[in-house]
Amino acid sequence: MTQPEPDLMHIPLSHAIAETHALYRTFLPIGFERLCTCPPTHLNCMTAKEWIKSQIGVWQFAYEGRDIRDKNLHPATFPLALARKVIELFTHEGELVLDPFVGSGTSLLAAQDANRNAVGFDLQPDYIALCEQRLQSPTLFQQTQQYAILDDARHIPLYIRPETVSLIWTSPPYANMLNRKRKNKSRRGSERQNEQYDKVEQYSQDSRDLGTMSIAEYTTAMGDIYEQLLPLLKPKAHCVINVPDMWWENERITIHIELIEELRRRGYEFRNTIIWDRTNIVNRIGIFGWPSNYITMGTTFEYLLDFWRPPEPKTVK
């Protein structure tokens, strides 16, 4: 049975989120034009030196004080530095960034730091409140806006006008990867029996939540959502999705391949694969498969899949 959509009139909202609520399913009054003086053909505001560093297709990041590491607040966060690098690589100051699955709001905070406009969507009221909390201290001389909106990603076209988005960037739910009891196989020895052990860390059990779906259902749902988002992108604007693969009942589930193929069918052009090397932030890794079954540890790397909207419409096959 499909759950009804939340009645926003009965969700406790603070002042900033109430302002967003007043704009529920109407076009947002948010900027999307450049504020910089870069030449029109430039992809971003980077210097040549910064560009060269970004060309290396394996990236590492460290956490900082504003990063959220508490799994009780959100089960699957990523470093602020990662979001900022993606945003600065594919946009100019003042342009518009869209995160369809905003979670704890890291994308919005990174956009605020980088002087980009941004809009993020999520189904969970607690995550929207967390976004607002993290955005309460705007940077000096802030010229941009960041909205966190409580709504299904399927309704994003009701908020954003066509060809105004310069970057779609997100780390979405990874199918039903989290929708099972955690066994901490990536932990070593006694560290497996920590506070997360034997808990289900899924975002919710809402039937609309992509994290409750099988890989087949998930892939189709992602395709449906991203097909609606494609007209919002400017031509040649990028779309970056952060995903891992996973093991399920001793079978390798290649989420990144499924998404590449699905988004290609929906009109996106696949451009690059970037590896997020997480080894510097993973400690005391457990032993998988030894001595008879070789298994690469998904906790040590993830994929950043880089697509764009082609200059000419792609024929959907």
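Here, each number is a calculation from the coordinates, and none is a lab measurement. Everything numeric in this text was worked out from a predicted model, so none of it was measured. Quick reminder, even Gly has a Cβ in these numbers, built from the backbone with ideal geometry, and neighbours come from all protein chains shown.
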Potential extension, THR254-ASN72 segment - 0.36 nm per residue separation minus Cα distance: 62.8 nm
Inter-label distance, nm, simple model (7 Å from Cα along the C-beta direction), GLU33/TRP247: 5.4 nm
Local electrostatic count at GLY223 - Lys and Arg +1, Asp and Glu -1, tallied over other residues with Cβ under 9 Å: -1
Packing-based order for 280-291, 77-88, 59-70, using average beta carbon neighbours within 10 Å, highest first: 77-88, 59-70, 280-291
Length added when fully stretched, PHE301-ASN283, from 0.36 nm per residue minus Cα-Cα: 5.2 nm
